[in-house]
1. Restricting the range 340-368 to residues that are over 21 Å from the mean Cα position of the chain (by Cα) and under 14 Å from Ala273 (Cβ atoms), which is surrounded by the fewest Cβ atoms within 10 Å (Cβ to Cβ)?
2. Quickly run through the range 307-338 and pick out the residues that are of a type in the set (A, V, I, L, M), within 17 Å of Ala267 (Cβ to Cβ) and surrounded by 15 or more Cβ atoms within 10 Å (Cβ to Cβ).
3. Condition test on Gly93, is it closer than 21 Å to Asn197 by Cβ and in contact with a strand residue (DSSP E or B) (Cβ under 6 Å, 6 or more places away or on another chain)?
4. Condition (residue is in a loop (DSSP other than H, G, I, E, B), under 23 Å from the mean Cα position of the chain (by Cα) and among the basic types (Lys, Arg)) applied to the range 369-377: is it met by at least one residue?
5. So which residues in the range 41-69 are more than 17 Å from Gly23 (Cβ to Cβ) and either surrounded by fewer than 20 Cβ atoms within 10 Å (Cβ to Cβ) or among the charged types (D, E, K, R) (or both), if there are any at all?
6. Could you list, in sequence order, all residues of the range 86-112 that are crowded, with 24+ Cβ neighbours inside 10 Å and within 18 Å of Gly29 (Cα to Cα)?
7. Name the one entry in Ala203, Ala140 that is part of a loop (DSSP other than H, G, I, E, B), buried (at least 24 other Cβ atoms within 10 Å of the Cβ), of a type in the set (A, V, I, L, M) and in contact (Cβ under 8 Å) with a residue 12 or more places away in the chain.
8. Go through (1) in a loop (DSSP other than H, G, I, E, B); (2) crowded, with 21+ Cβ neighbours inside 10 Å for Ala115 and report which single condition fails.
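A short reminder: the numbers here are calculations on the coordinates, not readings from a lab. Because the structure is a prediction, the values reported are computed rather than measured. Note: ideal-geometry Cβ built from the backbone for every residue, glycine included; neighbour counts use all protein chains shown.
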Amino acid sequence: DETALVGDLDLNDDVILQGAGPGLTVLDGTALSDRILTANADLELRDLTLTGGSAPGFGCALLVDIVSTVLLERVEVLGNHATAAGGAIFALGDTTLQDVLVAGNVGGGTGGGIAMRVDALLMITDSRIEGNSLEAGQGAGIHLGDTSTMILIRSSVEGNRIGSFAPLDLGTGNEGGGIFIDSEAGGSIQRSSVLGNVAQGPASFGGGVRTLGEALVLESTVAWNEAEAGAGVSAGDGAVVFAINSTISLNRDPAPLTAAFAIEAGASALLRAVTVKALPGDVALAAVGGTMVVEDSALDGTCVFLAGATVTSIGGNVAAPAACWTVSGPDLEDEVVPDLALGNLGNFGGGTLTHLPGPGTPLVGHALGACTDFDQRGLPRTDCDSGAVERQAGDPDPIFVDTFESADLSAWSQVIGPD
């Protein structure tokens, strides 16, 4: 409170708190049963840990007032618990995270890790948002509400979860296991990873990303996420998604007739130089009820077109085993093949996981002449391959192709040859 004798510490003047390092300087709110810090002025936190904040309300490690600008650098925000939005951080003012770990926090309803409101900007670089949770609601990792915006660069949003681990307490209508973007908010995911997040329960949307607003996925990977609809990326009515030089792969949708990439009626998406791969055995790679435009992309899996869907190819796409577009033309050089010969998802440079095209892949040189200058890894596109990755002269041949993730070894011979 304002006296700083009990409860949280209210910072009403500009302050810089410099610690000796995370784990060495620890602000622990466990004994307070309250929030740790409230920033009512500009604040810089460096080289310390915030942990143990717990109280009814918002942002139990840090509450950022609308008049404040806050910087966290080399900070760990661990194990805080709010009954309302923002288990760790609730911000009405601009907030920047540089080399920060936000992990193991619990929120109530929205933003297990971080919740942003009004028109605040959240800038995250070289940071990890991991293992945060909600019992039910929206955005276990990050929740962007009102007209707030986020720029996520060289960072990971991983292992966040909405829904109890108990099978009889799943929650209903959970959205955005990793990131939730509201209808007037916007998020930009650049050279980052959204991995292994879960929106559990019936009618759950967007295990990785659920957006009702505008989302950009640039040179990034969205993989191994889970939800009943749109396990990787789910775009609701009014949403706009731009995915460029990115990989959306191996996301799991346990319910039938759903898909890892979902564009609902009233939503639109542009995919340019993107690799989208279904988890083997899943019903669909993508379910489209709105409008989607695809260019120079590698589409591995079956697509479901709902009533009113329009998927227009600009050209240079390769799909297997069937076309993932409703409008194309002979001059657009789209191709449907039995097998894209993609390698397994792995670290092949560039800071994010990708699929290397295997030997004999139809992707090489198949993109249009005006392809992007660089691939997802930041390497030059010399032959204009379709998909997120441009095969380079020094790239290894992948050990496994296509069906490795489902333990089908029949594709090994394509790589290692006969006995």
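1. Filtering the range 340-368 for residues that are over 21 Å from the mean Cα position of the chain (by Cα) and under 14 Å from Ala273 (Cβ atoms), the one surrounded by the fewest Cβ atoms within 10 Å (Cβ to Cβ) comes out as Gly365.
2. Ala309, Val311
3. Here the answer is no, as Gly93 does not meet what is asked.
4. Yes, some residue in the range 369-377 is in a loop (DSSP other than H, G, I, E, B), under 23 Å from the mean Cα position of the chain (by Cα) and among the basic types (Lys, Arg).
5. Ala41, Asp42, Glu44, Pro56, Gly57, Asp65, Ile66, Val67, Thr69 - these are the residues of the range 41-69 that are more than 17 Å from Gly23 (Cβ to Cβ) and either surrounded by fewer than 20 Cβ atoms within 10 Å (Cβ to Cβ) or among the charged types (D, E, K, R) (or both).
6. Answer for the range 86-112, where residues must be crowded, with 24+ Cβ neighbours inside 10 Å and within 18 Å of Gly29 (Cα to Cα): Gly86, Gly87, Ala88, Ile89, Phe90, Val102, Asn105, Gly107, Gly112.
7. Ala140
8. Status for Ala115: all satisfied but (1).
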